[in-house]
Structures are given as structure tokens and as C-alpha cells.
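Structure first, then comments.
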Amino acid sequence: MGRQSNRGDKLIEFIQTLKIPEGMHTGKPFFLLPFQKKIIREVYNPIDENGYRIIRRAIFSVAKKNGKTPLVGGLALGHLIGPEAKRNEQIYSAAYDRDQAAITFRYMSQMILMDEELSDELIIRESRKEIYCPRLGSMFKALSSEVRGKHGLGPAVLIMDELAQFGADRTFYDTLAQGRGAHKEPILWIISTQAADDLAVLSQEIDYALKVQKGEIPDPTIKLFLFETSPEVDPFDPENWEASNPALGEFLNQDDMVEAARNARYMPSAENNFRNLRLNQRVSMTEHFLSPTMWKACGAEPDPEALEHGEIYAGLDLSGKNDLTALVLDAIWDRKHHFFPYFWTPNDNIHERGDRDRIPYALWRDQGYLEAKPGKTIDYRWVAHKVAEIHGKHHIHELRFDRWRIEDFQRELDDIGCDCYIKDKEEPQSDDALCLVPHGQGYKDMNPAVESIEDIITEERAYHGNHPVLTMCASNVVIQKDPAGSRKFAKDKSTGRIDGLVAMAMACNGADLPEHEEVSVYETRGLRTL
């Protein structure tokens with residue numbers, strides 16, 4: 001991996017001249033722990049034949065309260081005024097919101113004010129969250145994703161602070177990261193506790209780096225330092241905590257971990273929070289319907305042959321003004337479920353809605369995973385055309401969707417010449433007529449739908465191809481129970497859009513009984529309504 005220098009050692013020496021401004025070690029010299037020194041040396045010591053640093057992207061993922069902020073502050077000062085400083089360079093620390101961005105700036109400012117030499121060299125601009133070095137013409141600035149005008153920035157050093165908070169939206173991250181190309185030795189530091197799911201930008205970066213570690217991808221410019229307690233071990237055994245908390249007993253108080261573990265053990269609602277924040281596991285802090293492991297186990301591609309030879313059921317979740325509209329086909333072939341999803345969203349304000357929801361709608365549009373139609377609302381005629389096309393080619397046995405929109409959608413189908421009828425209310429006018437089945441969203445209709453999809457996923461009889469929009473919907477779903485134990489999807493408690501899984505569940509409802517025996521959507525499993 002090239003030659004070795006002592007640049008990392010010089011940076012360590014500089015950081016250890018700083019003083020800790022807050023916490024249990026306030027006022028004491030910043031003595032780096034062995035794991036922190038190892039990280040710095042492995043990033044800064046390797047150089048190429050021209051003497052340039054080889055590592056351009058360093059990912060440090062660790063549980064909270066393990067000294068991330070002091071390390072970020074020390075690294076930033078090392079590039080602004082320390083041994084890594086160069087003339088006229090821009091150093092940025094970027095966070096999701098203003099409060100998070102201000103933490104690093106405040107910490108650095110306090111370290112400067114506690115050091116007479118640094119105080120003479122550096123100018124702190126509180127209102128702009130900037131620190132300027134007149135002698136070198138270099139500047140540090142704290143940024144948040146809420147600040148506009150980030151295009152055109154050219155950071156030599158970019159520190160992404162708690163990238164997990166950005167979710168799956170890459171816009172802010174990519175805009176800043178791609179601005180480093182004008183420098184000979186740019187470096188991107190990603191310092192964060194793990195994100196909740198695989199779709200997050202941080203998860204994608206970690207997964208890429210893991211492939212590099214395994215030798216699957218040749219990329220000598222990236223280095224990963226992942227401190228994680230394995231999901232396979234007992235989360236409440238203190239022996240397993242050090243894997244994700246290398247500063248345990250130093251920056252992190254042992255009693256604090258014990259208290260957090262106690263709360264998680266006796267309050268199930270707190271367990272996922274403990275696993276994510278304290279054990280650095282990729283676990284959502286909300287109790288969701290399907291675990292990522294279960295979902296990924298069914299990630300094989302659906303077979304198009306199932307559309308030709310299987311029996312097709314469909315679920316349709318029609319959106320309001322700004323939601324997703326989702327159509328999911330369940331093609332049952334040899335007792336396996338092959339899912340083919342289609343999504344629509346209004347194209348107007350797609351970037352603004354993506355920023356608000358922290359979902360890359362525009363990217364998925366460009367990649368062909370959803371259709372963005374002109375206007376601010378979805379014209380149901382677009383959806384009707386797709387349904388008619390699929391029905392004409394493959395024959396949909398039943399199309400199920402929310403009963404309160406069924407007549408509006410039926411009119412759109414009639415207008416484009418697609419013969420259709422509402423089951424148990426109308427008689428089909430031809431053998432090829434599309435059968436529309438009303439399907440409510442309450443406990444009565446959704447409980448058997450929830451059970452159906454749960455069984456299919458748990459038994460690994462599904463093929464969904466890890467479609468990113470459908471996967472996003474699956475990761476967001478939260479279950480709500482009534483006093484009798486019946487379940488439905490709780491849209492108001494879910495963490496984001498769930499339209500795709502609603503459509504998927506409706507398609508599955510009663511569609512997998514022995515010999516395809518049909519059951520009304522108003523019946524629960526094993527109990528028929530008299």
C-alpha cells in the first residue's frame with residue numbers, strides 16, 4: 001500500500017497539545033486512546049510514491065459517547081493550523097441540522113480559547129460558525145443541510161458528522177463530497193453511529209468499505225473502522241459492550257452503560273434504541289413489522305415467467321396529493337410469490353418533497369424505480385392505463401384497493417375502455433372484465449392481509465428483488481393492535497411512506513390458500529363470517 005510516513009504521529013502529537021473543554025476530563029490534556037491513535041496512523045501514515053496520502057475516505061463508526069466530537073474537533077484543527085495545514089484551504093464539518101453542526105464548532109472554539117497560542121492565531125466568527133486562520137488564509141466552517149448555496153464549495157477536508165441522520169437522501173452528501181476533486185490530497189471523514197437501515201447513505205458507504213476489506217473491490221483510498229457489537233450475542237452482557245464502545249471506562253462511564261442496558265432490558269420499547277445508539281447495530285429505533293434480515297432473505301429477483309404461468313392478484317394504494325401511489329402484483333406460481341411493484345408520484349416539487357421526507361425520489365425517478373408524472377397531484381388515468389395494460393397482457397385475477405376511492409378509479413378505467421366490475425356488487429359484462437375488490441384499511445380487512453404477508457416473508461416464499469421503493473416502505477411499517485389482538489398498519493405511527501407495503505399486503509390477502517380457495521377480504525383466517 002505504498003510507503004509509510006510519520007504524518008499520523010505528528011497529527012497525534014498536535015492533538016495531544018489541546019485541552020478537553022467539557023465532560024469528566026475538563027481542562028486536562030487531550031490524551032488520545034490507543035484505538036484513536038491507531039485510526040489516525042492508519043489514515044495519515046500511508047503515502048504513495050509522490051508523498052501524497054493514500055487514504056481519501058475514512059469511515060469511523062462507533063456507539064455514542066465514545067469521543068467522536070473531540071476527535072472531530074482535533075482533526076479539524078490539525079488541518080486548519082496543525083501539521084496537516086495548507087494554505088488557502090477550506091475545512092468543513094457538515095451535519096444534518098444546525099444544532100448538530102454547532103456542536104463541533106462550539107467544541108473547537110472552546111479548545112482554541114483554552115490555548116493561548118491558538119487564540120493568537122485564529123479568529124472565531126460565532127455568527128457564521130467559522131474559524132479563520134489569517135496567516136495561512138484557511139478557514140473552517142460548520143455546515144448543516146438546512147443551509148442553501150452549497151454548490152460551488154470546494155472542501156479540501158470534509159467531515160460528515162453523524163451521517164446516519166441523513167437517511168437515504170444523498171443530495172447534500174454528494175454535493176459536498178464531489179467538491180473535493182480540485183485538491184491533491186482531499187480527505188473525507190465520516191464519523192457516525194450506524195444508521196437504522198440498509199438504504200441509508202451511511203449504510204451504503206459502510207457496505208462498500210466492507211467489500212473493500214474483504215478484497216471484493218480494489219480501492220486502496222478507503223479505510224473503515226467499524227466498532228459494533230454483533231447482533232448475534234447477548235446485548236445485555238457487559239462482556240459484549242467493548243466491541244462497540246472502545247472508550248468504555250474512559251470517555252464513557254461504565255455506570256451509564258449499565259443504566260441504559262437496564263432500561264432496555266425491562267422496557268422492550270427501549271431495546272432497539274439501546275442496540276442502535278449504544279451497541280452501534282444497524283437496527284431501527286422503532287419496533288417495525290418486518291426485520292431487515294427477514295426482508296433481505298426474500299430479496300431474489302421475481303421471475304417474469306410467473307406473470308405468464310401464475311395467478312395474479314394486485315393491490316393498489318391510491319395516493320392523495322403528495323403521497324406515493326403504489327400498485328403491487330403478486331404472481332403466485334408453484335406456491336411462491338413473485339412481486340412486481342409500480343410506483344407513481346407527482347413530479348412538481350419532487351426535490352423539495354425528497355428533502356422533506358429524506359427520500360431520494362428524484363434519483364429513483366431517474367433510475368426507473370418510480371414514475372414522476374407532471375403536476376402536483378397524481379392523475380389516476382396514468383394508473384388506469386398501466387392496470388389496463390397489465391390486465392390485457394397477463395390477466396389480473398383480482399385488483400384490491402381502498403373502497404373509498406374505488407368508484408373514482410372505476411370511472412377512469414371505463415373512460416379508457418377497460419371493462420371492469422366491483423365484486424359482489426356488479427356482474428361482469430365479459431369473461432375478460434377486471435374484477436375490482438373493495439379492501440378497507442381497518443382491522444377487519446387488514447388483519448388477514450397482515451398475517452398473509454407475514455407468513456409469506458417469514459417462510460421465505462417471496463421474491464421482491466430488493467426494489468428500493470418497496471424496501472423503503474417495508475422498513476417504515478409499524479403495526480397497531482386492537483384489544484382483540486387484530487393488527488393493521490399504523491400510517492400515523494410509521495416513520496415514512498408505507499404505500500408499497502399496503503398494496504403488497506392487499507395483493508397477498510387470501511391469495512395463498514390451499515388450491516387457491518378464495519376467501520373474502522372481510523374474513524379473518526380460519527373464521528368465516530356467517
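Couple of notes before you dig in:
- Residue in region 320-328 that is small (Gly, Ala, Ser) and either part of a helix (DSSP H, G or I) or not assigned by TED's automatic domain parsing to the domain that holds Ala474 (or both) present: no
- Residue in region 52-64 that is within 27 Å of Ser203 (Cβ to Cβ) and assigned to a helix (DSSP H, G or I) present: no
- Test: residue in region 212-224 that is in contact with a helix residue (DSSP H, G or I) (Cβ under 7 Å, 6 or more places away or on another chain) and free of Cβ contacts under 8 Å to residues at least 12 places away in the same chain: yes
- Test: residue in region 91-102 that is in a helix (DSSP H, G or I) and either crowded, with 21+ Cβ neighbours inside 10 Å or aromatic (Phe, Trp, Tyr) (or both): yes
- The condition of being acidic (Asp, Glu) and more than 29 Å from the chain's Cα centre (by Cα) holds for Glu89.
- Residue match in region 142-155 (condition: over 21 Å from the mean Cα position of the chain (by Cα) and part of a helix (DSSP H, G or I)): no
- Residue within region 482-502 that is among the hydrophobic types (A, V, I, L, M, F, W, C), closer than 15 Å to Ala168 by Cα, under 23 Å from the mean Cα position of the chain (by Cα) and not in a loop (DSSP other than H, G, I, E, B) present: no
- Unmet criterion (only one of (1) without any contact (Cβ under 8 Å) to a residue 24 or more places away in the chain; (2) outside the structural domain of Ala63 (by TED's automatic domain parsing)) for Cys298: (1)
- The condition (being modelled with pLDDT of 90 or more, touching a strand residue (DSSP E or B) at 6+ places or on another chain (Cβ under 7 Å) and surrounded by 17 or more Cβ atoms within 10 Å (Cβ to Cβ)) is satisfied by just one residue among Ile123, Ile187: Ile187.
- All told, Leu11 falls short of being aliphatic (A, V, I, L, M), more than 13 Å from Ile187 (Cβ to Cβ) and buried (at least 21 other Cβ atoms within 10 Å of the Cβ).
- Residues satisfying the stated conditions in region 258-291, i.e. among the aromatic types (Phe, Trp, Tyr) and either in a helix (DSSP H, G or I) or modelled with pLDDT under 70 (or both): Tyr266, Phe274
- Filter result for the condition that a residue is farther than 28 Å from Trp404 by Cα and not β-branched (Val, Ile, Thr), over Asp357, Asp303: Asp303
- Matching residues in region 24-45 - criterion: being of a type outside the set (A, V, I, L, M, F, W, C) and either at positive phi or assigned to a helix (DSSP H, G or I) (or both): Gly27, Pro34, Gln36, Lys37, Lys38, Arg41, Glu42, Tyr44
The values are calculated or read from the model by the stated rules, or taken from the named source; none is laboratory data. Small disclaimer: the values here were computed from a predicted structure and weren't measured. When we count neighbours, we look across all protein chains shown, and the Cβ atoms used for this are built from the backbone with ideal geometry, even at glycine.
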